[in-house]
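Read through the structure below, which is laid out as structure tokens, and then see the notes.
Throughout, read-outs are computed from the coordinates displayed, never taken from laboratory work. For clarity, every value in this text was computed on a predicted model and none was experimentally measured. Every residue, glycine among them, receives a Cβ derived from its backbone with ideal geometry; neighbour counts consider all protein chains shown.
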Amino acid sequence: MTSHQPPLIACVPVLKDNYAWLIIEPSDGSAVVVDPSESAPVIHAADALDVHLSAIWNTHHHHDHVGGNAGLCERYGPIPVHGSAIDGELGRIPKQSVFHRDGDVVRLSGQEVLVLHVPGHTLGHLAYYVAGMLFIGDTLFGAGCGRLFEGTPEEMFSSLSRLREIPDDTLIYCAHEYTLANLKFACTILPDNEALKARLSATTSLMQPQGGAPLARTVPLTLREEKQTNLFLRWDAPDVMRATGETDPVRVFAALRRRKDRF
Ligand code: ZN
Ligand code: FE
């Protein structure tokens, strides 16, 4: 890491509850966009901020993460489109031109970006880790985690275990605003957990519609708070083991995920 000025982050709300993220390099006005569901709102935000898109980083192939790729490449020319080598082999990320495996390093101006392969939600799911920020797509959400569309509980558990090793002060930029719904679920599992009750009540007031004001958001999250209150990172906590009736970490995680799927 250099003494370089850290990148600035701008949120672009897209579709119903998705977030695309602009990572802006202040020195030259370029920006990377993470998971552009749609091109128009991203172009609009980039124009308003007077930045020029230099790359697209996709965490996975779902349409609500790559839907804007083609339109952005039309507008900005053949900019690099990053994604997983697995999704590349399956040809399911439009305009993909960079094919990552776990541990790849991408340069972002003065910074190194570490690419992590975190399968579970999908086979090829990636996270991008740079300067204390983790762009995590649909692997981890506020108080929740992604559904297991393609991966096994073992795979998602091992992905989440790796995330739990990352320092507490990391900011988590996920791709959906699901925090409030996830907290409501978590409180059905641990109704007496004080930290969860406090987070539910704070999040409920934050997300209260404020006549005409843009909707509040809970993202970025801190990894510290997620480690403390996200059940899907607390498989070894006695209260979570008790609530699921399981002791094996993968089985605790799998039991929570099944209950959330039915919630
Ligand atoms: Zn997804
Ligand atoms: Fe998604």
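Quick notes
- Note on region 150-198: with charges restricted to the Cβ of Lys and Arg (+1) and Asp and Glu (-1), its dipole about the Cα centre is near 160 debye.
- DSSP-loop GluC sites (Glu not before Pro) across region 131-237, with at most 10 other Cβ within 10 angstrom: E165
- Percent breakdown of C-alpha pair distances by 10 Å bin, ordered from the shortest bin, for region 205-263: 21, 35, 27, 14, 4
- Of the trypsin sites (Lys or Arg not before Pro) found in region 201-260, those in coil by DSSP whose Cβ has at most 16 other Cβ atoms within 10 Å are R217.
- For region 109-183, the list of chymotrypsin sites (Phe, Trp or Tyr not before Pro) that fall in a loop by DSSP and count at most 14 other C-beta atoms within 10 angstrom reads F149.
- Taking the inverse of the mean 1/r over every pair of distinct Cα atoms in region 174-233 gives a Kirkwood hydrodynamic radius of 12.2 Å.
- For region 135-185, the convex hull drawn through the C-alpha positions has a volume of 87 cubic angstrom per residue.
- Translational diffusion coefficient of the chain (Stokes-Einstein, Kirkwood radius from Cα pairs, 4 °C, 1.567 mPa s): 69 µm²/s.
- Pairs of alpha carbons in region 78-139 whose separation is greater than 14 Å (percent): 55
- Leading residue at positive end of dipole, the chain (Cβ point charges), from T179, H121, S159: T179
- Considering only V130, G146, T222, the residue lying farthest towards the positive end of the dipole of the chain is G146, judged by Cα position with unit charges set on Cβ.
- Computed over region 8-71, the range of Cα coordinates on each principal axis works out to 32, 19, 18 Å, biggest value leading.
- Computed from the Cα positions only, the extents of region 31-137 along the three principal axes stand at 35, 30, 21 Å, in decreasing order.
- Per-bin percent of Cα-Cα distances, region 68-200 [5 Å]: 2, 10, 15, 19, 21, 15, 8, 6, 3, 1, 0
- Two numbers describe the Cα atoms of region 128-263: Rg and Dmax, which are 14.6, 48 Å.
- Structure-based [θ]222 nm, the chain - -39500 (n - 2.57) summed over DSSP H runs of at least 4, per residue, nearest 500: -10000 deg cm²/dmol
- Bridging of K227 to lysines at a Cα separation below 19 Å is possible for K184, K197, K260, once same-chain residues fewer than 8 apart are set aside.
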